[in-house]
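Please read through the structure below; I'll follow up with questions.
What follows is calculated from the coordinates using simple rules that are stated; it is not laboratory data. What you are looking at is a predicted structure, and each value in this text was computed from that prediction instead of being measured. Note that we place each Cβ from the backbone using ideal geometry, even for glycine, and neighbour counts take in every protein chain shown.
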Amino acid sequence: MFNWNFFKQKSPQQRFLLILGSFMIIIFLSLGIILIFFSDMLSIDPERFPKQYRIAFAILLVVYAGIRFGRLINKKNDD
């Protein structure tokens with residue numbers, strides 16, 4: 001279950017870094033999803049940034065968000 005004691009950290013710096021890390025995970029994940037599903041609505045030049053590279057970059061962003069999330073969870077379990 002969810003443990004609220006994790007959020008009762010010792011310093012405000014650790015709380016700020018937790019919030020910043022969570023925010024960056026959301027940014028990377030949402031940017032990847034936007035590039036995969038809504039790239040036709042964006043005005044991206046297909047000659048400069050072809051669709052297969054756009055999809056590969058978006059998948060890379062989603063995987064990186066997953067790695068950051070995994071690191072955040074492992075850091076949670078260590079404390």
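For Gly32, what is the net charge nearby, where nearby means another residue's Cβ is under 13 Å from its Cβ and Lys, Arg count +1, Asp, Glu -1?
+2
Are there any chymotrypsin sites (Phe, Trp or Tyr not before Pro) in region 14-79 that are in a DSSP loop and have at most 13 other Cβ atoms within 10 Å? List them by number.
Loop-located and lightly packed - Phe38.
Set the Förster radius R0 to 35 Å, insert the Cβ-Cβ distance between Leu60 and Gln13 as r into 1/(1 + (r/R0)^6), and round the FRET efficiency to 0.05.
0.70
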